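Before anything else, here's the structure in question.
The values are calculated or read from the model by the stated rules, or taken from the named source; none is laboratory data. Treat the numbers as computed from the prediction; the structure is a model and nothing was measured. Because the Cβ atoms are built from the backbone with ideal geometry, glycine has one as well, and the counts that use them run over all protein chains shown. Side chains are part of the model used for accessible areas, which takes the heavy atoms of the whole protein and leaves out ligands, DNA and RNA. Shrake-Rupley method; radii C 1.70, N 1.55, O 1.52, S 1.80 Å.
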Amino acid sequence: MDLQPTNPRWRHRPEGSNWGDFGPNDQLGRLNLLTPEKVRQGVAEVHEGLAFALSLPLDYPGGNALNPNRNPPVLRPLLRKGLVNFNCLLGGLEPGRTDVLSDDLAILHLQYSTQWDGLAHAGSMFDANGDGLPEALYYNGYAAGRDVVGPSDVRDAGVPAAPGAAVSTSAAHALGIEGMARTGVQGRGVMVDLRAHLGDARTLVGYDALMRVLDADRVAVEPGDIVCLHTGFSEVVLGMRKHPHPGTLAVSCAVLDGRDDKLLQWITDSHLAAIAADNYAVEAHPARPGADCCAALPLHEHCLFKLGVHLGELWHLTPLAEWLRERGRYRFLLTAPPLNLPGAIASPVTPVATV
């Protein structure tokens, strides 16, 4: 563990972490590597002026087979002076008006479909002050209960039964998704086409397998690049037409092996800015068995907690990946800001790749 006695939140940082490297109060992590030069590098990859939208419809995958705690969006109309404000004839309220108005609201589970995981999404128990008592912490030592706060009563969680009870009860006062949104999340994307080499069967991808793919396609990942992993999983989800089959999904497509220490070290050494995949969780979930003391989601712990590497999940990468492969390319301009929703720990995203 590294000793950093001047930091206001911690004296020791986790082994292999970069806490403090971007400043004692940093909340962006590796997004600090999205410099103007990286944006220029991304723009330099635009030759055709074609744009690819990389998001699934927000009501996919459908149901909650992927995660029983996350549900599809709910759309409802607002009210206007006591009337349903959907196909609302304004003339009924103001005689002589010809307007027909519609206005609605959405109840969104922010990690249901194409998403960014914010840095407050996954933390870890760690003794940062050296007193022998592990604390619940997030990236750069921001603490649960102090910087990332939420209720203890289950009645203050989930969708409220009564619409009038819909008040906010949680907030990431540090590491909220709004920090990511303010950067614009724009730079050079790098496609790693796992599906082209491994097919659609479930395959656990560690460091050695990943290097074989990179070498075969002559893909170079440089500091500040946003790495996109194409597995084909989102194509499988789309093909199920909002009726996903858990058994089929469990045996479909490549997924990173979060227990592979060499893979985690490559993420560290590559200095990539972020990782986005078209599958659920980026890494295998559940992970390969590990020691009882260890994280259930080891790649999440390594990326979000230790390095400040944001994770994108359930992106729709197949059309872009196929277009790039047909032309012997793998780089593109990527623009992918989340919702600027202060205090949220994650967000839907509609990424756009321009080639």
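Conditions tested, residue by residue: (1) in contact (Cβ under 8 Å) with a residue 24 or more places away in the chain; (2) open to solvent by 70 Å² or more (accessible area, probe 1.4 Å); (3) within 28 Å of Leu175 (Cβ to Cβ).
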{"residue": "Leu83", "(1), (2), (3)": "no, yes, no"}
{"residue": "Gly91", "(1), (2), (3)": "no, no, no"}
{"residue": "Pro95", "(1), (2), (3)": "no, yes, no"}
{"residue": "Asp131", "(1), (2), (3)": "no, yes, yes"}
{"residue": "Glu135", "(1), (2), (3)": "no, no, yes"}
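Additional query: So, in the stretch 242-257, exactly how many residues are among the basic types (Lys, Arg) and modelled with pLDDT of 95 or more?
Step one: filter the stretch 242-257 for residues among the basic types (Lys, Arg), giving 242.
With modelled with pLDDT of 95 or more added as a condition, the list becomes none.
Residues flagged as among the basic types (Lys, Arg) and modelled with pLDDT of 95 or more within the stretch 242-257 amount to 0.
Related question: For the list (1) in a loop (DSSP other than H, G, I, E, B); (2) in contact (Cβ under 8 Å) with a residue 12 or more places away in the chain; (3) surrounded by fewer than 19 Cβ atoms within 10 Å (Cβ to Cβ), I need the number of the one condition that Gly328 fails.
Here Gly328 meets the rest and fails (2).
List the helices (runs of 4 or more DSSP H) inside the stretch 176-223, counting only whole elements, that have at least 1 residues being free of Cβ contacts under 8 Å to residues at least 60 places away in the same chain.
Result: 194-198, 207-216.
Right, here's the next one. Kindly evaluate Ala65 against the criterion of being touching a strand residue (DSSP E or B) at 6+ places or on another chain (Cβ under 7 Å) and touching a residue at least 24 places away in the same chain (Cβ under 8 Å). Spell out the reasoning first.
Values: touching a strand residue (DSSP E or B) at 6+ places or on another chain (Cβ under 7 Å): no; touching a residue at least 24 places away in the same chain (Cβ under 8 Å): yes.
So Ala65 does not fit the description; no.
Could you tell me which numbered condition Val227 fails, if it satisfies all but one of (1) open to solvent by 10 Å² or more (accessible area, probe 1.4 Å); (2) modelled with pLDDT of 95 or more; (3) β-branched (Val, Ile, Thr)?
Condition not satisfied by Val227: (1).
Quick one: would you say His271 is over 20 Å from Gln115 (Cβ atoms), at pLDDT below 95 and not basic (Lys, Arg)?
Here the answer is no, as His271 does not meet what is asked.
Additional query: Tell me, yes or no, whether the stretch 82-101 has at least one residue that is within 30 Å of Leu311 (Cα to Cα) and among the hydrophobic types (A, V, I, L, M, F, W, C).
no
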